[in-house]
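Everything below concerns the one structure shown next.
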Amino acid sequence: MQVVYHIFPSFRPNIFLQFCPRTRSGQDQDDIEQPQWLQEYVAELQTHGTQAKKAIIYCRYIGQVCKLFGFIMATLGKSAWVNNEKLPKNLIVDMYHSSLDIDSQERVVNSFTTDGNLRCIIATIAFGMGIEVHKVRYIFHWGLSKTIVDYWQEVGRCSRDGEPGTAVLYRTPTRGHVTTDMEFKEMVSGVESGEVPCMREAILSHLWMDEMGPQPVHDEDSCQSTCIEECKCTKCMCCSVCRSRCPCRIQK
Ligand SMILES: [Zn+2]
Ligand SMILES: [Zn+2]
Ligand SMILES: [Zn+2]
């Protein structure tokens, strides 16, 4: 008898899902030039260099990739390179997209997958297919992916070893030929309006099929409301929506 294992979709409880709502309309252009949402990670790169946690930043347009790369390079200054030598192989942050020459694409993939100097890749969805990267701790999405399936696959590149990781989803308007499925847009609108009680369960419910059995849900709320510093209950470790509803945070 042939046994079929469904390895996808998986629940991935080790990845915290952070949603960043769209800023006031017309502000998005400014956000990519001065992305507040990324500053914490860029500070980590600046402080820890090649010891910083690995990140992939997904964008929908090559133009966004270039802008973000420029922002991070300008912020890092000299610390964007190791050994004070401005050679491509010494970069701790780089970009990846379909218009890049083959040599650069190979250099980026090799450095990122073999524990070279590279800690952060800013990429279009061209990056990742068939590439196995270990110990990626952050996945950022600047703009929604095309579908929920694509989104969950991209998020799935985070912390495959089961260690804690974070996926940040930033909503931006789409333009031109770049589109997002209605299903994904509606789910995200539900998160924004507070109708969706948990991002993870909402995503999974779109990917789950009846023959897989009952859909997993996260454990019962484990907050005792006695957490002194940072609450580590199942709600606070799940997603930004669940976290905002933890009794601990409501009390504060
Ligand atoms: Zn949740
Ligand atoms: Zn708590
Ligand atoms: Zn909590």
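Annotations
- For region 133-152, the set of residues classified as modelled with pLDDT of 95 or more and of a type in the set (Lys, Arg) consists of 137 only.
- Evaluation of residue 85 against the conditions (1) touching a strand residue (DSSP E or B) at 6+ places or on another chain (Cβ under 8 Å); (2) exposed (fewer than 13 other Cβ atoms within 10 Å of the Cβ); (3) not hydroxyl-bearing (Ser, Thr, Tyr) shows that the sole unmet condition is (1).
- Per-region count, region 217-242, residues out of contact with any Pro (no Cβ under 9 Å at 6 or more places or on another chain) and touching a residue at least 24 places away in the same chain (Cβ under 8 Å): 2
- Residues that are touching a residue at least 40 places away in the same chain (Cβ under 8 Å) and in contact with a helix residue (DSSP H, G or I) (Cβ under 9 Å, 6 or more places away or on another chain) number at least 3 in the following strands (runs of 3 or more DSSP E) confined to region 91-196: 120-123, 136-142, 165-170.
- Taken over region 208-228, the criterion of being within 26 Å of the chain's Cα centre (by Cα) and away from ligand 1 (no atom under 15 Å from the Cβ) is satisfied by 208, 209.
- Residue list for region 199-239, restricted to those being within 16 Å of ligand 2 (Cβ to nearest atom) and not in a loop (DSSP other than H, G, I, E, B): 239
- Residue 249 outside any loop (DSSP other than H, G, I, E, B), within 16 Å of ligand 3 (Cβ to nearest atom) and touching a strand residue (DSSP E or B) at 6+ places or on another chain (Cβ under 9 Å): no
- Set 154, 183: member being out of contact with any Gly (no Cβ under 9 Å at 6 or more places or on another chain), of a type outside the set (Lys, Arg) and more than 16 Å from ligand 2 (Cβ to nearest atom): 183
- Unmet criterion (only one of (1) of a type in the set (A, V, I, L, M); (2) farther than 30 Å from residue 49 by Cβ; (3) exposed (fewer than 15 other Cβ atoms within 10 Å of the Cβ)) for residue 129: (2)
The values are calculated or read from the model by the stated rules, or taken from the named source; none is laboratory data. Predicted model only: the values in this text are computed from it and were never measured. All Cβ positions, even for glycine, are placed from backbone atoms using ideal geometry, and neighbour counts span all protein chains on display.
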